[in-house]
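See structure below.
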Amino acid sequence: MKIHEFQAKQILRKAQVAVPRSLVAATPEEAHAAFLELGGPLAVVKAQIHAGGRGKGHVAGHPDHRGVQLVRSADQAAAVARQLLNQPLVTIQTGPEGRVVRRVLVEEGCDIARELYLGIVLDRAAAKPVVMASSQGGMEIEKVAAETPDLIFREHFDPRVGLLSYQVRNLCQQLELSGASVRSAEAFMKALCRAFVDLDGTLLEINPLVVTSKGDLLALDAKMSFDDNALFRHPQLTELRDLEEEEPTEIRASKAGLSYVKLDGNIACLVNGAGLAMSTMDLIKLHGGEPANFLDVGGGADVDQVTEAFRILLSDSNVRAVLVNIFGGIMRCTTIATALVQAYKTVGFNVPLVVRLEGTEVEQGRKIIAESGVNIISAEGLTDAAKKVVAVAG
């Protein structure tokens, strides 16, 4: 689950992580009042959307209306908010359609001596969180990793004890921080790691991490996301979810207990098992097609879930064919075949459906489909299924 920058900073402030003073505004009038309340000679107005690259992003059709702008008066703050609010902001992460800006963050100006990068993610290979730091703050970290990987420094830490002092010193030495900045980094980095672990984070990114002229560290930006499966432990986080920022079909799938991610292709996929789903998408690409989604119905899907899955897939106007790829391990092929036939008749298909079944009771399952009277194209093996669905979609 993702949250907005202003929400992440509220969380970090409670966790004793240093962040600038800021106020959220949903109207130009609120942005005007926010500038006055902050009371400084300048402020920054930032569009709040679930996407990175806002500083270089712009309002659709208005390249001069940037997603992050410096203002020096309350009137300017209101004017910038008027440019951004209720308009689609296009960034490198949104695609050409952009994301509609419904709030802006008005933040006090900051004394910036240096800009660094600091992030925390889960390293699944090491089974530990890892702190990543770089002197190249304010830049796209993916570009830094690709072009100058030696400028990214890492420290794994035990989530039970947190980041240790010697690890902070290691990072400070690599980032060329000294004196007061090391003392500030000790409190800043340790608090950041505690917040990440305590809230079951999957990503916590500060870019840029500012070093002021006094040597203090300050989170000028903040991006956080959390493990959906752990939200039952954090009901306060669930309240921060912004459904307007999420794909409607993904919300619908989540409510049905389905793992679904919408993509840009025209071949819909219904698969049981995340690994098999990824392999199915790869094979579709290999044979010249484009997957329209990732959809894992899991090992225990019933008729209702399969029916809802079909409805979600067919609600995408780009879909020209559907591929069902099922391995009957936990679930028997006879069960899934019966569910497919019933769901097909309930939903009413208007595009070709290719089905590949394998596993327990596969012959009986294929017989159920063959004798059902519905227009389903059977496939033998993954390659045959991919070739057939690409052909009928083309």
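The values are calculated or read from the model by the stated rules, or taken from the named source; none is laboratory data. Keep in mind the model is a prediction, meaning the values are calculated, not measured. FYI the Cβ positions are ideal-geometry reconstructions off the backbone, even for glycines, and counts take in every protein chain you see.
Worth a mention:
- For beta carbons closer than 9 Å, sequence separation of 6+ or different chains, a first residue in the stretch 117-141 that is farther than 18 Å from Asp227 by Cα and in the same structural domain as Gly162 (by TED's automatic domain parsing) and a second that is of a type in the set (Phe, Trp, Tyr) and surrounded by fewer than 22 Cβ atoms within 10 Å (Cβ to Cβ), the qualifying pairs are Met132/Phe153; Ala133/Phe153; Ser134/Phe153; Ser135/Phe153.
- Scan of the stretch 63-93 for residues that are buried (at least 21 other Cβ atoms within 10 Å of the Cβ) and either of a type in the set (Val, Ile, Thr) or not assigned by TED's automatic domain parsing to the domain that holds His32 (or both), ordered by number: Val80, Val90
- Entirely in the stretch 179-229, the strands (runs of 3 or more DSSP E) that have 1 or more residues that are under 12 Å from Leu116 (Cα atoms): 201-211, 217-219
- Residues (surrounded by fewer than 20 Cβ atoms within 10 Å (Cβ to Cβ) and outside any helix (DSSP H, G or I)) located in the stretch 278-310: His287, Gly288, Glu290, Phe294, Gly298, Gly299, Gly300, Asp302
- Criterion (of a type in the set (Gly, Ala, Ser), under 27 Å from His234 (Cα atoms) and crowded, with 20+ Cβ neighbours inside 10 Å) met by exactly one of Ala126, Ala219: Ala219
- Looking across the stretch 125-147, the residues that are of a type in the set (Val, Ile, Thr) and over 19 Å from Leu218 (Cα atoms) come down to Val130, Val144.
- Number of the condition not met by Val45 [criteria: (1) in a strand (DSSP E or B); (2) surrounded by fewer than 19 Cβ atoms within 10 Å (Cβ to Cβ)]: (2)
- Output for the stretch 172-231, where each listed residue is closer than 19 Å to Gln136 by Cα and among the acidic types (Asp, Glu): Glu176, Glu205, Asp216, Asp221
- Test for Leu313: is it buried (at least 19 other Cβ atoms within 10 Å of the Cβ) and either modelled with pLDDT under 85 or part of a strand (DSSP E or B) (or both): no
- Residue among Ala187, Ala145 that alone is over 18 Å from Val130 (Cβ atoms) and either of a type in the set (Asp, Glu) or surrounded by fewer than 16 Cβ atoms within 10 Å (Cβ to Cβ) (or both): Ala187
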